[in-house]
Amino acid sequence: MKFIGIALTALFMLAKWCYAGNEVIVYTSEDQIFAEPILQEFEKKTGIKVRAIYDTEETKSTGLVNRLIAEKDNPQADVFWSNDPVRPVLLQIKGLTTPYVSSVAADIPSIYKDADGHWTGFSARARIILYNTNLVNMDERPLSIFDLVKPKWRGQVAIANPLFGTTSIHMAALFIVLGDEKAKKFLNDLKANGVKIVSSNSEVKRLVARGEVKMGITDTDDAHMAVKEGVPAKEVFPDQSTIGTLIIPDMVSLIKNSRNQENGKKLIDYLVSSPVEKSLAWVPCAHMPLRYGIKTPPDVLTLDAVKGMNINYPDVAAKLEKITEFLKQWAGY
Amino acid sequence: MQKKLTLGFFFALFVCVTFLPIVWMFGNSIYGDGGFSFVYYKDIFLTQKYIKVISNSLILASITALLSSFVGIPAGFFLAKINLPFKGFFKMCFFIPLIIPSYTTGIAWANLLGKTGFLNNILSQYMLFSPESVSNFIYSIYGASFVLSINLFPVVMLITEYALKNLNPRLEESGLVTGSVFRVLRRITLPLITPAIISSMMIVFVLSLSEFGIPSLLQVNVLTTQIFTQFSAFYNEKAATAIAFPLIAITFVVMTLEQVYLQGKSFEILGRRGSNSTIKYDVKWLNVVGVIFCTLVLIGCVIIPLSTLVFSAQTISAYHDAILLAKRGITNSVLFGSIGATFLTFMGFFLGYLSEKIQSRLRNSTALFIWLFFAVPATVLGVGLIKLCNRPEGIFQFIYGSLWIVIIGYVARFSPLSSRIMANYLKQIPHSMEEAGTVIGASWYRVLGNILLPLQSHGLIATWLISFMFCIGEMGTTILVYPPGHETLPITLFTVMANSPANIVSALSIIIVVMTLLPVGVFLAISKYLIKSQIAQ
């Protein structure tokens, strides 16, 4: 009996009780190395303890969404900081978010915000073509994603699995901009040209960096990291004279019925503020600020220098749901 | 009464922790909109596409089980049965493939055998393979099996080694008096450890069936990648759970085949002396073969993948940065892993006893029941645990918000594994030993403490070691349930992997290896000391 008593006491002593009081719980699919310093800064400034859960490369930003959906009846997270603009819309559709219109985000262009306040965008990435400079000359580099179906690039292009992550959003945006038929034809031509479908954007980066393929479609943060690591690679913002490329803002949402709503709102105010946009532009992920007039490093373009696709994110989310079955077949799943 | 209460308690614990979340998920997959529907199951059984996916899973698991055995059985034999120089070093090194996260091993091999890889260059220059064919190999079901078998052979090795150590030396001694080493091996040693070998192959088979990281990286379309697609592209947990059903069905068939094969055979070979002494085959040529074999395995399975990580880490500062990132993960992993492995060893012992030693017709069904759930993918189990444990009531909130949800995840995932390993060792203890204790009036706890546990010290060590390494490497369930601040090392690795410099990621992988090997080394040293002092008494 004494043994059981001691064991139980030890078990309880080992457990850390939930932090009560002044805290906020955030689930974020933004990369930990970039998100953590910003959350620590928020802690310092407000004294509110931030408890964060980050997503992994392996689960490609969908692990946390599944967790949020599963926790719906008893939400643990107060805030969801997404590194893509479609998952927050999905959570809104599933009834997991609650409106909060942050006054701090008043100067962010309205296409990046939900009018009711279910999600607010800030700091964006973009889809780019990453090419290996040892294998592709500056003159022959592709300037459009449609160049990738040319016979000269046969078997030399990589793309992440279009069912997941930002690639899936890119595909849905293409279906909206081009129309279903043209988009399907493009994807089928790409496949016929021997495109290599890999597990993630970072895998695209790895293959381009090692010269196993000459180029691939990925995101700006992967390209900037590759350059920082000394990889012989450069990025091209594709289709700048035609349809433009996909802009991928981070988005933040307040979770419905969570425990720390007020602290959650404070965190959202902080995340969508200009200093955070500036910080994310100056770290290696090189996000482009959504506000005009924020100073960025020379190698980080501002949004007025990039032509984005003419789309709105709720339409992309709806389209993605409709084309997922096609993408699944296309990817051979 | 003591026996019934204890076994009942552990069985009830298994039902609550493993059975309920999984049954909850399967129940949910057939119930919706006020009625029952088997629509997702119809899809699986009536669609041509799934036949291909299921056969891919079977091919992957079968080849992996075979390749792991080709390496693991001889490695286990040489560690246990010959006077291998640097035995401790080899043994510790052979744990490394199991510790390195499979995804990282996959990337290392994809780098080596990819079109521009170092090994690809060598193979295409000197062995007449084209660079494309080598690259195509690694991105195929056979490449995935190759990488997985490197990852999983230590399971076969460890189970074989400790089964050999459990053999009663008298049996082999008498054989050696009249026959050659080969004959003793073929006629006595190998037949006696057959259940251990079959069991270890089955464990590897089921682990490969439920593996996601390698097939996903190497783009092999198997059941687990389909499950992931349903969860992550369609957010359809019902369909995802339904696709897990064939995994359980395959496990059921494999387990039944094993039971049929072993039925009526006796493996009760353990004696009091036998548990503590192992006969060595001191034959020169066997020692030479052992050294060559273990060196080749060391190079192929350990040094090659590990050196790619070491070269990639490049600088000391990368390790410094990695340690700063992983500080909390290190503490959490060692603490959670040790608690998890200890719980799993207890659970494994009593559930193993239940499925092997009770005098009941239900014995085989119990073993089958416990083992079936091992094939359920980690994600399905994780979502089930959230549904079951994430409730506003006090005790649930306490569990869900603390380290205990992670431990429950470990126990839920790996108690079938630990019970299978223990059952296999318990097979070797004759019923008469326990009966002798009972006849002289000893209570069951006393029989347990003085007879069963000491006789199974090797089995307990093997179970703790395997459980610890699996707990430390677990990510699929943990990622879905861990509370903020309770991240483990693999989670740290995979969260920083996104956009961290490659050298820090490699340094972190090496830190995982070191931080797992340290406690394993300490545990092995303590257990060796305890066994020695037991012999001295």
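A short reminder: the numbers here are calculations on the coordinates, not readings from a lab. Being a predicted model, the structure only gives us computed values, none of them experimental. Reconstructed Cβ throughout: ideal geometry from the backbone, glycine too, with neighbour counts over all protein chains shown.
Return the lysines within reach of residue B:4: Cα separation strictly under 19 angstrom, same-chain partners fewer than 8 residues apart disregarded; answer none if there are no such residues.
The reachable lysines, counting only those whose Cα sits under 19 Å from residue B:4, are B:357.
Just the number, please: percent antiparallel of the DSSP beta bridges in the protein assembly as shown, rounded to the nearest 5.
Values: 25 of 41 bridges.
So the antiparallel bridges in the protein assembly as shown amount to around 60 percent.
Consider a paramagnetic label point 7 Å from the Cα of residue A:242 along Cα→Cβ; state which residues of the range A:180-206 have an amide N under 16 Å from it.
A:180-191
When only C-alpha pairs under 8 Å and at least 6 residues apart count, what is the relative contact order of chain B, in percent?
Numbers: 736 pairs, mean separation 124.3, N = 537.
23 percent.
Starting from the 7 Å offset along Cα-to-Cβ, what nm value, one decimal, do you get for the label separation of residue A:46 and residue B:442?
6.3
Take peptides B:522-530, A:145-153 and line them up by average Cβ neighbours within 10 Å, highest first, as a rough protection proxy. Don't skip to the end; give the middle numbers.
Numbers: B:522-530: 13.1, A:145-153: 16.7.
Packing proxy ranking, top to bottom: A:145-153, B:522-530.
Over all directions, average the projected area of the Cα convex hull of the protein assembly as shown and note it in nm².
Averaging across all directions leaves 38.0 nm² for the Cα convex hull.
Dimensions of chain B along principal axes (Cα, Å, largest first)?
Result for chain B: principal-axis Cα extents of 65, 62, 48 Å.
Using the C-alpha atoms of the range B:306-426, what convex hull volume per residue, in cubic angstrom, is computed?
158
Can you give the convex hull volume per residue for the Cα atoms of the range B:37-196, as a whole number of Å³?
Details: hull volume 31.5 nm³, N = 160.
Measuring per residue, one finds 197 Å³ for the Cα hull of the range B:37-196.
Tell me which residues come under 5 Å, amide H to amide H, from residue A:219 once H is placed; ignore anything under 5 positions away on its chain.
Distant-sequence amide H within range of residue A:219: A:128.
Taking all pairs of different Cα atoms in chain A, averaging 1/r and flipping that mean, what Kirkwood radius in angstroms comes out? Don't skip to the answer; put the middle values down first.
Working: mean 1/r = 0.0478 Å⁻¹.
About 20.9 Å, per the Kirkwood formula over Cα pairs.
Find the centroid of the Cα atoms in the range A:167-223 and in the range A:229-265, then give the distance between the two in whole Å.
Measuring centre to centre over Cα atoms gives 18 Å.
Among A:230, A:216, A:117, which one moves the most in a GNM of chain A with springs linking Cα atoms closer than 10 Å?
With Cα springs under 10 Å in chain A, the top fluctuation among A:230, A:216, A:117 is at A:230.
For residue B:182 paired with residue B:46, estimate the spin-label separation in nm (one decimal), with each label point 7 Å from Cα along the Cα-to-Cβ line.
My value for the distance between the label points is 5.8 nm.
Pairs A:319/B:42; A:152/A:307; A:278/A:328; A:94/A:295: which are spaced more than 29 Å apart, C-alpha to C-alpha?
Violating the 29 Å limit, Cα to Cα: A:278/A:328; A:94/A:295.
Residue-wise, which Karplus ³J(HN,Hα) couplings in Hz belong to the range B:303-319, taking 6.51 cos²θ - 1.76 cosθ + 1.60, θ = phi - 60°, and x for glycine or proline?
5, 4, x, 5, 5, 5, 5, 4, 5, 6, 5, 6, 10, 5, 5, 4, 5
Measure of size requested: the Rg and Dmax of the range B:447-487, with Cα atoms as the atom set and Å as the unit; please supply both.
Using the Cα atoms of the range B:447-487, the pair Rg, Dmax is 15.6, 44 Å.
Residue farthest toward the positive end of the dipole of the range A:139-253, with Cβ of Lys/Arg at +1 and Asp/Glu at -1: which of A:159, A:211, A:201?
The residue sitting most towards the positive pole is A:211.
In deg cm²/dmol and to the nearest 500, what is the mean residue ellipticity at 222 nm of chain A if only DSSP H runs of at least 4 residues count, each as -39500 (n - 2.57), divided by the residue total? Intermediate values should be presented prior to the final figure.
Numbers: 11 runs with 126 residues, N = 333.
Rounded to the nearest 500, it is -11500 deg cm²/dmol.
Springs between alpha-carbon atoms under 10 Å, Gaussian network over chain A: tell me which of A:244, A:308, A:47 tops the mean-square fluctuations.
A:47
Ranked highest first by average number of other Cβ atoms within 10 Å, how do B:83-94, B:233-244 line up?
Result, highest mean first: B:233-244, B:83-94.
Partner chain Cβ atoms within 10 Å, averaged over the residues of B:373-380 - can you pull that number for me?
Partner-chain Cβ atoms within 10 Å, mean over residues of B:373-380: 0.
How do A:279-292, A:93-106, B:23-36 rank on mean C-beta neighbours within 10 Å, highest first?
A:279-292, A:93-106, B:23-36
Please list, in order along the range B:471-477, the HN-Hα scalar couplings obtained from phi with the Karplus expression 6.51 cos²θ - 1.76 cosθ + 1.60 (θ = phi - 60°), rounded to whole Hz, x for Gly and Pro.
4, 4, x, 5, 9, x, 7
What nm distance separates the two modelled labels at residue B:324 and residue A:141, each placed 7 Å from Cα along Cα→Cβ?
A separation of 3.2 nm, rounded to one decimal place.
Among bridges DSSP assigns within chain A, what percent are antiparallel (round to 5)?
Close to 60 percent.
Step by step: find N for the range A:152-268, compute 2.2 N^0.38 Å, then divide the Cα radius of gyration by it. What's the final number?
Numbers: Rg = 17.5 Å, N = 117, 2.2 N^0.38 = 13.4 Å.
The reported ratio for this selection is 1.30.
Computed over the Cα atoms, what is the radius of gyration of the range A:23-165 divided by 2.2 N^0.38 Å, N being its residue count?
Here the Cα radius of gyration is 1.31 times the empirical estimate.
Taking 0.36 nm per intervening residue step and subtracting the Cα-Cα distance, what contour gain separates residue B:527 from residue B:361 on full extension?
Extending this stretch completely gives an extra 56.2 nm.
Once you average over the residues of A:65-75, how many Cβ atoms of partner chains fall within 10 Å of each Cβ?
So the per-residue partner count for this stretch is 6.
For the range B:34-136, what is the relative contact order in percent, using Cα pairs closer than 8 Å and at least 6 residues apart in sequence? Display every interim value, and only then the final one.
On the way: 37 pairs, mean separation 11.4, N = 103.
Across the range B:34-136, relative contact order equals 11 percent.
With the contact rule set at Cα under 8 Å and sequence spacing of 6 or more, what percent relative contact order holds for chain A?
With pairs under 8 Å counted, the relative contact order is 25 percent.
For the range B:204-223 and the range A:75-139, compute the distance between their C-alpha centroids and round to whole Å.
What the calculation gives is 32 Å, centre to centre.
Taking a 19 Å limit on the Cα-Cα distance, which of the listed pairs A:113/A:322; A:184/A:322; A:205/A:228 fall beyond it?
Going by Cα-Cα distance, A:113/A:322 fall outside the 19 Å limit.
Sequence-distant or interchain residues sharing an amide H contact under 5 Å with residue A:53, placed H: which?
Under 5 Å from the amide H of residue A:53 lie the amide H atoms of A:26, A:27, A:28, each far enough along the sequence or on another chain.
If neighbour count is taken as other Cβ atoms inside 10 Å, put B:43, A:78 in order from fewest to most.
Starting with the residue having the fewest Cβ neighbours, the order is B:43, A:78.
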